1. (1) small (G, A, S); (2) modelled with pLDDT under 95; (3) under 20 Å from I92 (Cβ atoms): which one isn't true of S153, the others all being true?
2. Say we look at region 89-104 and pick out the residues that are surrounded by fewer than 24 Cβ atoms within 10 Å (Cβ to Cβ) and within 13 Å of the chain's Cα centre (by Cα); which of these is nearest to Y29 (Cα to Cα)?
3. Is it true that some residue in region 37-60 is more than 30 Å from L125 (Cα to Cα) and surrounded by fewer than 15 Cβ atoms within 10 Å (Cβ to Cβ)?
4. Can you spot a residue in region 165-183 that is small (G, A, S) and either in a loop (DSSP other than H, G, I, E, B) or surrounded by fewer than 17 Cβ atoms within 10 Å (Cβ to Cβ) (or both)?
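The values are calculated or read from the model by the stated rules, or taken from the named source; none is laboratory data. The model shown is predicted, which means the values in this text are computed figures rather than measured ones. Glycine also receives a Cβ, built like all others from the backbone with ideal geometry; neighbour counts cover every protein chain displayed.
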Amino acid sequence: MRSPLHPTVEDLQAFIVSSLVVAVCFLAYKEMGLPQIPYVILISGLVVFFREAGQRMVAQWMDAYIDLEFSMEGAGTSLFGALMAYLNGFSIILLFPLTSSFSGRKYEHWGKSVDAIWAKRQYWLAFGGLTTLFGGWYLAYIFEYQLLAELASLFLFFQLMPFDYEYIPTDRLDGAYILLWSGFTWLISMGVTIIALVLTFY
């Protein structure tokens with residue numbers, strides 16, 4: 001029985017590719033040159049790690065499974081935004097390169113039909129990742145790692161989007177899990193994230 005604290009090869013592959021997509025999008029958004037590429041790749045990996053660490057700690061506590069998945073649709077949307085930013089010089093950034101799927105060992109035999117119980121656990125798993133991502137932003141902001149703070153706040157904002165619709169070219173984002181269980185928590189979280197963006201960029 002695998003532990004959520006020990007990622008699979010597929011998890012690591014999704015982590016690497018998602019981090020690279022985030023780096024490309026941020027490089028295009030900031031109009032950076034070749035010398036900044038290694039640093040941006042590093043901070044992109046850190047930002048994705050912040051989210052992943054929180055989700056996996058909650059999964060361990062809940063005795064649950066978690067899988068990090070690379071989103072082809074979301075990555076395509078993100079890279080299209082990066083291409084528009086690069087070609088037109090506009091400050092455009094979209095960050096939807098990944099999604100997570102959850103399941104619970106203790107609740108598998110019930111099936112997913114126990115919607116209220118399952119939705120609550122998905123809410124805590126998603127919220128755990130966003131909490132550690134916010135913590136990463138806060139540390140970067142306090143210690144004046146400006147680029148890391150900018151990327152963390154942007155990634156937090158996009159992960160809070162409640163997208164889970166057929167006609168939106170992304171996979172299910174963390175915000176959809178949170179909004180499904182608690183609209184009030186989602187509103188507060190988005191408000192705090194917008195404040196973080198304002199503090200970081202202005």
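1. Only one criterion in (1) small (G, A, S); (2) modelled with pLDDT under 95; (3) under 20 Å from I92 (Cβ atoms) is unmet by S153, namely (2).
2. Restricting attention to region 89-104, the residues satisfying the condition of being surrounded by fewer than 24 Cβ atoms within 10 Å (Cβ to Cβ) are 89-94, 99, 101-104.
Then keep just the ones that are within 13 Å of the chain's Cα centre (by Cα); that gives 94, 99, 101.
Working: L94: 9, T99: 22, S101: 29 Å.
So the residue we want is L94.
3. Step one: list which residues in region 37-60 are more than 30 Å from L125 (Cα to Cα), which gives 37-38.
Filter once more, so that each one left must be surrounded by fewer than 15 Cβ atoms within 10 Å (Cβ to Cβ): 37-38.
Scanning region 37-60, I find at least one residue that is more than 30 Å from L125 (Cα to Cα) and surrounded by fewer than 15 Cβ atoms within 10 Å (Cβ to Cβ), so the answer is yes.
4. Within region 165-183, the subset small (G, A, S) is 175-176, 182-183.
Those left that are additionally either in a loop (DSSP other than H, G, I, E, B) or surrounded by fewer than 17 Cβ atoms within 10 Å (Cβ to Cβ) (or both): 182-183.
Within region 165-183 (the criterion being small (G, A, S) and either in a loop (DSSP other than H, G, I, E, B) or surrounded by fewer than 17 Cβ atoms within 10 Å (Cβ to Cβ) (or both)), the answer is yes, since at least one residue qualifies.
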